[in-house]
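Before any comments, here is the structure.
The values are calculated or read from the model by the stated rules, or taken from the named source; none is laboratory data. This one's a predicted model, so the numbers in the text were calculated from it and none came from an experiment. Cβ placement follows ideal geometry from the backbone for every residue including glycine, while neighbour counts extend to all protein chains displayed.
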Amino acid sequence: MGQIINLDCVHTKPYWTDYLLAKIFLPLTPKWLRPNHLTILRFVLTPFVLWLLWTGDYKTGLAAFIIVAFTDAWDGMVARMRQQITIWGTIYDPVADKILIGGAVLILVVKHLGLPLALVIVILELLTIGGAFYFKLKGILCPAIIWGKIKMLLQVVATVILLTGMIGNWSVLFGVAYIIFIISIVFGILSLIRRGA
């Protein structure tokens, strides 16, 4: 069976954020650098980020996390602005995101915000990956939709806030991060429902 792309959830036109990022980063992106290269870079650098967080080097870990998480926005912007969206990218870009976020959650959220929240986040990520591969086996490709992108952004913001709170010993930020993670779960559920509809 040939690969079918579900056009209801494919977004090939640039988002407004892509235009903002493109003003700065598209001229700095060589023509030979493909979005999939940035996804592979995220796969390669994620273990380094997670090692920094695991060993407690939170300042370096925060900087590395922001840079690696940014490659998600960068590769999406390049893919849409240069019309370089690929089947491989639509499948493995979200996997790279989930490894980065899932790893950070297991290291940081369990310790500072509690095991129940971490379990809900990780289970939601596993369901998302499982759903994507299930649909792929059925010959249907459905790339990430806006709800999933918002969820990822919220998870990144919550992780950055949590790390900032840990570095500065500002416990008030732990509560802020907790609330943002909860909101990200809502968007994650919406994404799952929309994909399954």
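Filter segment 55-93 for residues that are polar (S, T, N, Q) and assigned to a loop (DSSP other than H, G, I, E, B); which is modelled with the highest pLDDT?
55
For residues in segment 109-124 being outside any loop (DSSP other than H, G, I, E, B) and without any contact (Cβ under 8 Å) to a residue 60 or more places away in the chain, which is surrounded by the most Cβ atoms within 10 Å (Cβ to Cβ)?
Only one residue tops the list, namely 118.
Any residue that is within 26 Å of residue 182 (Cα to Cα) and touching a strand residue (DSSP E or B) at 6+ places or on another chain (Cβ under 9 Å) - is there at least one of those in segment 96-115?
no
Among the candidates 33, 20, 52, which residue alone is in contact with a Ser or Thr (Cβ under 6 Å, 6 or more places away or on another chain), surrounded by 11 or more Cβ atoms within 10 Å (Cβ to Cβ), at negative phi and at pLDDT 90 or above?
52 is the lone residue from the list that is in contact with a Ser or Thr (Cβ under 6 Å, 6 or more places away or on another chain), surrounded by 11 or more Cβ atoms within 10 Å (Cβ to Cβ), at negative phi and at pLDDT 90 or above.
Tell me, please, whether a residue that is surrounded by fewer than 17 Cβ atoms within 10 Å (Cβ to Cβ) and more than 21 Å from residue 160 (Cβ to Cβ) can be found in segment 65-83.
Looking through segment 65-83, at least one residue is surrounded by fewer than 17 Cβ atoms within 10 Å (Cβ to Cβ) and more than 21 Å from residue 160 (Cβ to Cβ).
Within 26 Å of residue 177 (Cα to Cα) and hydroxyl-bearing (Ser, Thr, Tyr): which single residue out of 71, 90 fits that description?
Matching residue, one of 71, 90: 71.
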